[in-house]
Amino acid sequence: MSLSCFELGERMLSIEEALTALRELAPQALESEIIPLSSLLDRVLAEDAISSIDVPQNTNAAMDGIALSWPDSKQTRFVLQGDVLAGNCFEGRLDPGQAVTITTGAPLPQGADTVIMSEQLHMQEEGASRWVEIEQADRVRRGQNVRRAGEDIPRGTTALKAGTRLTPQHLGLLASIGMGEARVVRCPRVAIFSTGDEVTAPGEVLPPAGIFDSNRFSLRGLLTRLGCEVVDLGILRDDFACIRNALETAAQTADMVITSGGVSVGQADWTRKALDETGRLGFWRIAIRPGRPLAFGTLGERDIPFFGLPGNPVAVMVTFLQFVQPLLRTLQGEHQWQPRRLTAIADEPLKSREGRVDFLRGIYRCDDQGRLHVSMTGRQGSGILSSMTAANCLIEIEAPRAEVAQGETVTLQPFGELT
Ligand code: AMP
Ligand code: MG
């Protein structure tokens with residue numbers, strides 16, 4: 001399906017149509033840069049990480065004990081030929097029935113194929129000769145307690161794919177193949193501002209008809225967790241020239257601009273008009289709740305993406321998670337990303353409307369038989385931000401469903417990485 005976000009007119013879009021239009025508009029990741037391993041957490045790989053070595057490098061012992069060359073006939077006593085400590089290689093070769101003591105991680109001598117742990121051994125020595133007696137020798141299996149060279153990552157294979165967002169375990173894996181640095185997509189620079197004559201910065205005195213600016217701070221948090229550099233342009237009055245100038249300036253240096261408020265058709269909603277002058281306006285009407293109105297378009301000479309999010313604080317977070325997040329992840333090179341979804345039993349009836357996707361704030365839990373259940377956090381107004389702090393998920397009621405009866409299953413998006 002091909003959808004230009006500028007040709008969608010005034011019709012109501014589904015979430016999928018909106019997401020497709022977004023992908024068409026910004027299909028490419030930003031440029032890449034080489035960053036040292038110690039600073040790679042949460043960054044997205046710009047190219048495959050291919051291992052130039054076998055991991056582990058050598059076939060080695062998984063336990064402290066002895067390494068032996070499997071005997072030709074039954075044998076419970078092994079004469080020791082030497083000791084191999086981790087970090088050292090044994091020079092000689094073991095013949096069948098011979099053994100060395102070995103510590104965990106030390107390479108197996110040539111000829112050795114089996115390790116027996118020290119708890120199963122009785123060490124003996126007499127003069128210069130040393131040997132071990134094995135307890136319960138019938139329980140020893142050929143090849144046991146041995147880690148094969150390359151069993152984790154074989155040489156020449158892709159250890160991690162381009163587009164991987166690096167978690168602590170990814171960093172460990174990159175280190176294990178010896179990569180001291182990696183090529184990752186550069187951090188998107190995202191400019192944000194709030195709009196509204198009533199909107200007041202926290203810390204200031206709240207005017208009689210004011211409301212504190214929560215959107216800039218929830219947005220900043222979401223963007224920071226997503227690995228973006230935030231350019232905070234503050235609060236703008238409901239003033240056409242002021243908003244237009246801010247959009248123009250932001251478009252010169254940012255990779256994306258996000259505003260909240262001022263996109264509905266109310267009298268004081270200037271963002272829409274300003275965008276008509278300084279950029280191109282995309283779709284407006286998406287069949288979701290909360291989340292309307294939402295503007296999307298491009299700005300400036302570089303056609304950077306612009307999101308005009310709704311003013312209501314819950315709507316800001318929901319639309320960020322559903323629309324801004326996938327686009328930012330695409331810009332970061334994480335092309336296959338999808339929100340995590342689970343299915344749970346509704347513990348109470350859930351209201352929705354046919355033809356639009358409803359996102360309710362929910363609390364899910366597991367019962368003692370391992371089934372997931374979900375209920376609402378209480379009042380669901382799009383201005384009730386405490387519904388987001390009480391929740392541990394968004395309940396996603398698909399467009400065709402008019403309501404969910406108690407006991408029916410619903411989809412949920414668990415809070416996680418960003419929330
Ligand atoms: P608007 O889209 O500008 O009509 O705003 C819708 C609602 O969201 C109004 O009640 C605004 O006061 C509120 N609102 C707008 N911006 C913010 C903000 N930054 N923080 C908290 N509430 C806001
Ligand atoms: Mg407003």
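Please compute the alpha carbon radius of gyration of the chain, then divide it by the globular-protein estimate 2.2 N^0.38 Å. Two decimals is fine.
My calculation over the Cα atoms of the chain gives 1.39.
Can you order the peptides 291-299, 244-252 by their average number of other Cβ atoms within 10 Å per residue, highest first?
291-299, 244-252
Go ahead and set up a Gaussian network model of the chain, Cα springs under 10 Å, then flag whichever of THR224, THR195, THR330 fluctuates most.
Maximum among the listed residues: THR224.
Provide, as a two-decimal number, the C-alpha radius of gyration of segment 270-419 over 2.2 N^0.38 Å, N being how many residues it has.
1.14
Express the relative contact order of segment 236-376 as a whole percentage, based on alpha carbon pairs under 8 Å and six or more residues apart in sequence.
19 percent
Can you give the Rg and Dmax of segment 200-334 based on its C-alpha atoms, in angstrom?
When restricted to Cα atoms, segment 200-334 yields Rg and Dmax of 14.2, 46 Å.
With θ set to phi - 60°, apply the Karplus curve 6.51 cos²θ - 1.76 cosθ + 1.60 along segment 208-213 and write out the HN-Hα couplings as whole Hz, x wherever there is a Gly or Pro.
3J(HN,Hα) across segment 208-213, in whole Hz: x, 10, x, 9, 6, 6.
With the chain treated as a Gaussian network of Cα nodes joined by springs under 10 Å, which of LEU45, LEU85, LEU13 yields the largest mean-square fluctuation?
With Cα springs under 10 Å in the chain, the top fluctuation among LEU45, LEU85, LEU13 is at LEU85.
Equivalent-ellipsoid semi-axes (√(5λ), Cα gyration tensor) for segment 11-81, whole Å, largest first?
Ellipsoid semi-axes (Å, largest first): 57, 19, 11.
In square angstrom, rounded to the nearest 10, how much accessible surface does PHE240 have for a 1.4 Å probe?
Here the residue's solvent-accessible area equals roughly 40 Å².
Using a probe radius of 1.4 Å on heavy atoms only, what accessible surface per residue do you get for the chain? Whole Å² is fine.
About 49 Å² of surface per residue is accessible.
Compute the Rg to Rh ratio over segment 129-265 from the alpha carbon atoms, using the Kirkwood formula for Rh, and round to two decimal places.
1.38
Averaging sequence separations of C-alpha pairs under 8 Å and six or more residues apart, then dividing by the length of segment 39-147, give the relative contact order as a whole percent.
The normalised contact order for segment 39-147 reaches 32 percent.
Among 364-371, 89-96, how do they line up by average Cβ neighbours within 10 Å per residue, starting with the highest?
Result, highest mean first: 89-96, 364-371.
Could you grab the relative contact order for the chain? Cα pairs under 8 Å, six or more apart, rounded to a whole percent.
16 percent
Just to confirm a number: summing +1 for Lys and Arg and -1 for Asp and Glu over residues other than LEU223 whose beta-carbon lies under 11 angstrom from that of LEU223, what do you get?
Taking every other residue near LEU223 into account, the sum is +2.
Mind telling me which of VAL185, VAL100, VAL374 comes out most flexible in a GNM of the chain, alpha-carbon contacts under 10 Å?
VAL100
Based on the inverse mean of 1/r over its pairs of different Cα atoms, what is the Kirkwood hydrodynamic radius of segment 338-393, in Å?
12.4 Å
In Å, what Rg and Dmax follow from the Cα atoms of segment 1-129?
29.3, 95
For the chain, which whole percent of the accessible surface, found with a 1.4 angstrom probe, sits on carbon and sulfur atoms?
48 percent
Quick one: 3J(HN,Hα) in Hz for segment 236-245, Karplus 6.51/-1.76/1.60 with θ = phi - 60°, rounded, Gly and Pro as x.
These are the phi-based 3J(HN,Hα) values: 10, 5, 6, 9, 4, 5, 4, 5, 4, 4 Hz.
On the principal axes of its Cα set, how long, how wide and how thick is segment 144-190? Give whole Å, largest value first.
54, 21, 17
The values are calculated or read from the model by the stated rules, or taken from the named source; none is laboratory data. In this text the structure is predicted, and so the values were computed from the model without any measurement. FYI the Cβ positions are ideal-geometry reconstructions off the backbone, even for glycines, and counts take in every protein chain you see. The accessibility values were calculated without ligands, DNA or RNA, using every heavy atom of the protein model including side chains. Shrake-Rupley method; radii C 1.70, N 1.55, O 1.52, S 1.80 Å.
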